[in-house]
Amino acid sequence: MFPPSVSPLLGLTVSDVKQFFFCPRVVFYTYCLHAKRPSTYKMQEGTLEHEAIEEKEDRRSLKAYGLSSGERQFNIILHSPRLALTGKLDMLIATPNEIIPVDFKNTSGSVGLNHKYQLTGYALLVEDVWQKPVRRGFIYLAPQKKAEEIIITANMRRFFKQTLSKIRAMIDAESIPLPSRRQSHCTDCEFQNYCNDID
């Protein structure tokens, strides 16, 4: 039991933070309206593509990550009671010197801010679970067959935690946020009808 003055933190996922950067209304609809995201063709294709990337990755060397050796683990479920945060990491590389989270992306575009902070979330989870510091991670861009190194800075960690607090405050107040400023984000959004009803 918690004392009357202390409330447990609302459990969030790393994907919630990624979605919040993409469009905060997606997170609002999910938690405040309990809207279920429909499984779209694009999502199903994404799942199949992730499985294909994993199968190929398991056979590749670690050259793309600048490593000669390391142990790989795939699809790791992570949870931190301290952060009240969970996530499913695509791949983890463990070497004698460091532990490195890797997130797969099947996009022909560049790495976005939402992707960098998703990786930051995974880094924080890995640190809590493995009790080892994470100084960097990689976002593997499958179409380009390129691994982009992301240094996990103190500012990124701080901003990620601030974003968790911001999301929880939004949900607690049931305050609908402004939509994404990028119209292109609305084109394939599963919650487009909700926004059309509000705006």
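What the table shows:
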read-out	value
Some residue of the range 164-171 being surrounded by 15 or more Cβ atoms within 10 Å (Cβ to Cβ) and within 22 Å of ASP90 (Cβ to Cβ)	yes
Cβ pairs under 8 Å, 6+ apart, first in the range 153-167 and free of Cβ contacts under 8 Å to residues at least 24 places away in the same chain, second loosely packed, with under 14 Cβ neighbours inside 10 Å and not polar (S, T, N, Q)	none
Candidate set: the range 95-142, residues that are polar (S, T, N, Q) and surrounded by fewer than 23 Cβ atoms within 10 Å (Cβ to Cβ); chosen: the one nearest to the chain's Cα centre (by Cα)	ASN114
Filter result for GLY70 (touching a helix residue (DSSP H, G or I) at 6+ places or on another chain (Cβ under 7 Å) and either surrounded by 15 or more Cβ atoms within 10 Å (Cβ to Cβ) or at pLDDT 65 or above (or both))	no
Boolean, VAL27 is touching a Gly at 6+ places or on another chain (Cβ under 9 Å), surrounded by 18 or more Cβ atoms within 10 Å (Cβ to Cβ) and either modelled with pLDDT of 95 or more or not in a strand (DSSP E or B) (or both)	no
Breaking point among (1) farther than 29 Å from LEU9 by Cβ; (2) touching a strand residue (DSSP E or B) at 6+ places or on another chain (Cβ under 7 Å); (3) of a type outside the set (Val, Ile, Thr), for LEU164	(1)
Cβ pairs under 6 Å, 6+ apart, first in the range 173-196 and in contact (Cβ under 8 Å) with a residue 24 or more places away in the chain, second of a type in the set (Ser, Thr, Tyr)	PHE191/TYR29; TYR194/TYR29
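Residues checked against (1) modelled with pLDDT of 90 or more; (2) among the charged types (D, E, K, R); (3) on the phi > 0 side of the Ramachandran plot:
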position: TYR140; (1), (2), (3): yes, no, no
position: PRO143; (1), (2), (3): no, no, no
position: ILE151; (1), (2), (3): yes, no, no
position: ASN155; (1), (2), (3): yes, no, no
position: PHE160; (1), (2), (3): yes, no, no
position: LYS166; (1), (2), (3): yes, yes, no
position: ALA169; (1), (2), (3): yes, no, no
position: ALA173; (1), (2), (3): yes, no, no
position: ARG181; (1), (2), (3): no, yes, no
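The values are calculated or read from the model by the stated rules, or taken from the named source; none is laboratory data. Because the structure is a prediction, the values reported are computed rather than measured. We place every Cβ from the backbone using ideal geometry, glycine too, and count neighbours over all the protein chains shown.
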